[in-house]
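Asks: Before I ask anything, here is the structure I am working with.
The values are calculated or read from the model by the stated rules, or taken from the named source; none is laboratory data. Worth saying up front: this structure is predicted, and the values here are computed from it rather than measured. Cβ coordinates were reconstructed from backbone atoms using ideal geometry, including for glycine residues, and neighbour counts include every protein chain displayed. Remember, those area values only see protein heavy atoms, side chains included, never the ligands or the DNA or RNA. Shrake-Rupley method; radii C 1.70, N 1.55, O 1.52, S 1.80 Å.
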Amino acid sequence: MVADGPTSAGAPIDILGVTQAFRSGGKDLPVLDDVSISARQGEFVALIGPSGSGKSTLLRLLAGLDKPLFGEVYVGGAPVTGPDPSRPLVFQDPTLLPWRTVRQNVAVGPQARGILKQSRGRIDAALELVGLTEFADAWPAQLSGGMAQRAALARALVGDPSVLLLDEPLGKLDALTRRVLQGELLSLWRERGFTAVLVTHDVSEALLLADRVVVFSPRPARVREAIDVDLGRPRDQSTREFNALRRHILEILDADQTGPDRDRTARADHIARLDDKEVLT
Amino acid sequence: MTSTLPPIAASTDTGASSTSASARIHEALERIAHPATISAPVITAGILSWIAFALATGFVPNSTDLPLRDAQSVESTTTFTVVVGFAVAAAWALIWALSSVSGRLGAWATRRSANGAAWLLGAGLWALFWEFSTAKADLLEPPYFVAPQEILDRLWASRGVLTDSLANSLLLLAVGFAVGLVAGLITGVTIGWSKRANYWVHPILIFIGPVPALAWVPIAFVLFPTAYTGAVFMIALTVWFPITILTRAGILSVPRSYFDVAQTLGARSWFLVLRVSLPAALPSIFTGAFMALGSSFVSLTIAENFGVNAGLGWYINWKKGWGDFPGVYAGIVVLVVVCGVLLTVLFRVRNYVLRWEKELTRW
């Protein structure tokens, strides 16, 4: 649909032994614990895990918005040193700039890089790609949640990214819009060939979209298991294979919530910290 | 993918029935958008009150107790005042008549008539009371209370000086406001953006900013080479302070996610400052501009009286020196109109610039 077609295919991702921590309320808060994940060129990877387990932190590292304490992040063979338009991040909130129309929001990237004039065609093409041509001159405040998220997608795609980072982009949408956008996301990915990393809480969504689902432990996050999704596309949620995988992932997640299979040291640390807090306050 | 678009474009005309349906919908929406209902009794009473004012001014004899100077002034302007009264009545009668016309003119006239009727009546009654209490019955003592005729008389008689004063005031205000605005934006953005700049500038801002303009008078007119630059400094300072405070506050409250998004799309510092921070802070900056405009009028009149010796503020005090209260009121009338017009202009600018905030039609 884009006039000049996908110019750059996806870039491979290598996350090597990344540990990340923050200081919060005077306490050190480990978020990622020696996490290593790789993604092939053009692969669709879903990251799933309990909330607050550091999945979004990982995306911020990939986007170059934060730097890891330890470990290395490579995209396309080069270390990530800062944000780059080839690695845009789509948030759960569309975070459109409210004083810019939809078209002007999609134009943020080209304008920031000083290539606005040459990019007119690409901007129109990106708007068409997500079906917002008619609403190009609307203000973000006028859009529905689904339309706003489409605009955010167009804004990320206009720079023809090699890696698209998706931080629960469909998390706040209603079930119907979500289904529609899952389909659109998939066809965009297939058309443009970028590598996609999707953070989600929704196991079915992960299995519907991803080539591989990486399951995280509770914070500090470790990779519990990376599951190859060997299902044909388009995927059917009602098949036995789909449900078997779904049950398997849910079992891992459930075990972490309550079961005996949890990471005892991490959990013990966590509980110790909570106890400290209670004693102090 | 087009099938997933909301069906807003699906309402294409398919026949006569749907056309009439959409016309009905259009009318209903129009009624909701402009819920103007003209109250015939109120607007009639309003027009009559102004006719009464004109007739009373022209035909009720003036009080014989008026001092000679006031009596002459009232006498000389009576015809003109009568004309003004009839003109107001005629203008509103015309607007009311136009409200039955279709199209944009009719819609405008309807809104005006519906909105203005009560004020028309209120102002007409006030004018009647004013006329009677001063020129006709002399209930309120001259020279402090003056008849409407006298103010009109002075406005006309002093039109040359008043025009000059108006021009001087507007120029001084424009220069001072512009300097203060630019300085305030630069300071606000700088300290909102840089922690080090904030460390040094914020305490100065907190202590220097609130000092009232009057307190600067002895220093401003000594430190600056000319009285005019001193006056510009005083006005600029009172504009600088609220603009800086609210620009800084606006920039500090910009959501971090805006910067994250812009950065991942390739934005560098200058883009983040000028294209993300500043527009995001605009609602707050406009609040500062309203405060600044209000306080700039204060500094303007102070500066005009303490060194510049020109402008409306100076004119009012000069007239007071002569004990010419009609002249004082004439100056105040011009000043009131100027302040009102400038504030309205600022409102219009704000509503246009921040139209993305107000636009509420959702799809």
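Asks: List pairs: first in region B:71-84 and free of Cβ contacts under 8 Å to residues at least 24 places away in the same chain, second part of a helix (DSSP H, G or I) and open to solvent by 10 Å² or more (accessible area, probe 1.4 Å), Cβ under 8 Å, 6+ apart or cross-chain?
Replies: Hits for this filter: B:79/B:58.
Asks: Under 8 Å by Cβ, and 6 or more places apart or on different chains, what pairs join a residue from region B:299-315 that is in the same structural domain as residue B:221 (by TED's automatic domain parsing) and touching a residue at least 12 places away in the same chain (Cβ under 8 Å) with one that is open to solvent by 20 Å² or more (accessible area, probe 1.4 Å) and of a type in the set (Asp, Glu)?
Replies: Note: pairs meeting the criteria are B:310/B:164.
Asks: State all residues of region A:139-182 that are within 8 Å of another protein chain (Cβ to nearest Cβ), surrounded by 21 or more Cβ atoms within 10 Å (Cβ to Cβ) and more than 17 Å from residue A:91 (Cβ to Cβ); if no residue qualifies, say none.
Replies: Within region A:139-182, A:139 is the sole residue that qualifies.
Asks: Looking at region A:19-50 only, could you name the residues that are within 25 Å of residue A:9 (Cα to Cα) and not in a strand (DSSP E or B)?
Replies: Once the filter is applied, which keeps residues that are within 25 Å of residue A:9 (Cα to Cα) and not in a strand (DSSP E or B), region A:19-50 yields A:40, A:41, A:42, A:43.
Asks: Still on this structure, please answer the following. Could you grab me the full set of residues in region A:51-74 that are modelled with pLDDT under 90 and either open to solvent by less than 20 Å² (accessible area, probe 1.4 Å) or in a strand (DSSP E or B) (or both)?
Replies: Across region A:51-74, the qualifying residues are A:53, A:54, A:55.
Asks: Separate question: For region A:211-231, does any single residue satisfy the condition of being outside any strand (DSSP E or B), open to solvent by 10 Å² or more (accessible area, probe 1.4 Å) and under 26 Å from residue A:159 (Cβ atoms)?
Replies: Yes, region A:211-231 contains at least one residue that is outside any strand (DSSP E or B), open to solvent by 10 Å² or more (accessible area, probe 1.4 Å) and under 26 Å from residue A:159 (Cβ atoms).
Asks: Checking residue A:98 against (1) touching a Phe, Trp or Tyr at 6+ places or on another chain (Cβ under 6 Å); (2) buried (at least 19 other Cβ atoms within 10 Å of the Cβ), which test does it fail?
Replies: For residue A:98, the failing item is (2).
Asks: Do the conditions hold for residue A:245, that is, is it out of contact with any Ser or Thr (no Cβ under 6 Å at 6 or more places or on another chain), outside any strand (DSSP E or B), under 16 Å from residue A:200 (Cβ atoms) and open to solvent by less than 50 Å² (accessible area, probe 1.4 Å)? Even if it seems obvious, please write down each step before you answer.
Replies: Working: out of contact with any Ser or Thr (no Cβ under 6 Å at 6 or more places or on another chain): yes; outside any strand (DSSP E or B): yes; under 16 Å from residue A:200 (Cβ atoms): yes; open to solvent by less than 50 Å² (accessible area, probe 1.4 Å): yes.
So residue A:245 passes the test.
Asks: Follow-up. Residues that are within 14 Å of chain A (Cβ to nearest Cβ) and of a type in the set (D, E, K, R), at least 2 per element: which helices (runs of 4 or more DSSP H) completely within region B:202-279 meet that? Lay out the reasoning, then the answer.
Replies: Numbers: elements: B:213-223, B:227-252, B:256-264.
Where helices (runs of 4 or more DSSP H) fall fully within region B:202-279 and carry at least 2 residues being within 14 Å of chain A (Cβ to nearest Cβ) and of a type in the set (D, E, K, R), they are B:256-264.
Asks: How many residues does region B:81-110 hold that are surrounded by 15 or more Cβ atoms within 10 Å (Cβ to Cβ), in a helix (DSSP H, G or I) and not aliphatic (A, V, I, L, M)?
Replies: So the count comes out to 7.
Asks: Tell me which residues, restricted to region B:58-72, are assigned to a helix (DSSP H, G or I) and more than 14 Å from residue B:131 (Cβ to Cβ).
Replies: Residues of region B:58-72 that are assigned to a helix (DSSP H, G or I), as a first pass: B:58-59, B:68-72.
B:68, B:69, B:71, B:72 - these are the residues of region B:58-72 that are assigned to a helix (DSSP H, G or I) and more than 14 Å from residue B:131 (Cβ to Cβ).
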